[in-house]
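See structure below.
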């Protein structure tokens, strides 16, 4: 940078250029403003220069060496009344804009809630990824963003736009998952589609500030476990996955925990019996005795409700005699309640498979009811017949009355 003759106390600049000291500077303001119509302006290949004076753009210059004269800056005559010819001083700001530098930055949203279609509940999620931008319109960029700064860096850009970028990204992710009925379990298979879905509106957003969006990528969309709700949901999802792998239902897990609690307190009772039935404990003297006791209790319940019109073997788990018959059961697949009048679970679509004794829902592979232990197959595991009232197995030709409920057998 060279200085010409002084006019008063301030020198007249006769050479203006900029050599970037860092690769993350988008724009730089030349520190001196006293120019003249013989000042030489040097713009490098990767740059564009913009001159401002009295709040308006005087001119733009691409790569090369330029003389600031009234020929290439005709606005000088209207701003300063400078005539043709001579070396006339004037005041202007010179901004250099780096046109090739591209910001490659990471972004991450804070927690947001979406209604997951797989679970039917609002769950907290977060997303993160990368994006890149480059200056496409230097004039628009300087007017809208730079203002009174001396330079504009990649850090300034991220600080200025991160809040709005995250807000727009969160809104687009929620819209995509809702419109395409995609839940947290399957969103990873739609990462490319989701990135393209968000890129278009974000591209228009950056264009308004003079930038071109070079790239936008989503790397992760996952459950937000930084909150207590997220941690509880993560635990529930892990439990559900374990149930699916091991082949047991939520009700069976609860029955097993009930059995452990009862055993720890030295008492079995009916809950303990049901848990043992669920866990396959249908052999041995203890199990047989509990099944017989439960059968007697079941017979008494059936006698109590037998006049209400329920099908044989059905023991209501709801109101007293004379009350409404409609009640709710837990779905054996998703664990949510639904009415016994609904043939399929409204939450997961599983077919309602009622126990003939208590009405509880069971899976197609269940051999015994998860709630009362009643046999669900038409034949026992040994090939013997089963009681039509309580489902207990018996040997045909040798047994006239059911050993569990006392029903007379044909």
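Summary of values
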{"read-out": "Matching residues in the range 69-95 - criterion: being touching a helix residue (DSSP H, G or I) at 6+ places or on another chain (Cβ under 9 Å), modelled with pLDDT under 85 and surrounded by fewer than 16 Cβ atoms within 10 Å (Cβ to Cβ)", "value": "83, 84"}
{"read-out": "Hits in the range 162-184 - residues which are touching a helix residue (DSSP H, G or I) at 6+ places or on another chain (Cβ under 9 Å) and in contact (Cβ under 8 Å) with a residue 40 or more places away in the chain", "value": "164, 165, 169, 173, 177, 182, 183, 184"}
{"read-out": "Failed item, numbered, when residue 252 is tested on (1) crowded, with 16+ Cβ neighbours inside 10 Å; (2) in a loop (DSSP other than H, G, I, E, B); (3) at pLDDT below 65", "value": "(2)"}
{"read-out": "Residue count, the range 61-92 (criterion: part of a helix (DSSP H, G or I) and either touching a strand residue (DSSP E or B) at 6+ places or on another chain (Cβ under 8 Å) or closer than 23 Å to residue 29 by Cβ (or both))", "value": "4"}
{"read-out": "Pick from the range 36-53, criterion within 49 Å of the chain's Cα centre (by Cα) and in a strand (DSSP E or B), ranking: surrounded by the fewest Cβ atoms within 10 Å (Cβ to Cβ)", "value": "52"}
{"read-out": "Matching residues, the range 19-35, being in a loop (DSSP other than H, G, I, E, B), closer than 21 Å to residue 133 by Cβ and in contact with a strand residue (DSSP E or B) (Cβ under 7 Å, 6 or more places away or on another chain)", "value": "20, 24"}
{"read-out": "Unique residue being touching a strand residue (DSSP E or B) at 6+ places or on another chain (Cβ under 6 Å), surrounded by fewer than 18 Cβ atoms within 10 Å (Cβ to Cβ) and either in a loop (DSSP other than H, G, I, E, B) or in contact (Cβ under 8 Å) with a residue 60 or more places away in the chain (or both) when the list is 142, 149, 115", "value": "115"}
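Residue-by-condition table, conditions (1) assigned to a loop (DSSP other than H, G, I, E, B); (2) touching a strand residue (DSSP E or B) at 6+ places or on another chain (Cβ under 9 Å); (3) farther than 30 Å from residue 30 by Cβ:
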{"site": "126", "(1), (2), (3)": "no, yes, yes"}
{"site": "156", "(1), (2), (3)": "no, yes, no"}
{"site": "183", "(1), (2), (3)": "yes, yes, yes"}
{"site": "220", "(1), (2), (3)": "no, yes, yes"}
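The values are calculated or read from the model by the stated rules, or taken from the named source; none is laboratory data. Keep in mind it's a predicted model, so treat the numbers as computed, not measured. FYI the Cβ positions are ideal-geometry reconstructions off the backbone, even for glycines, and counts take in every protein chain you see.
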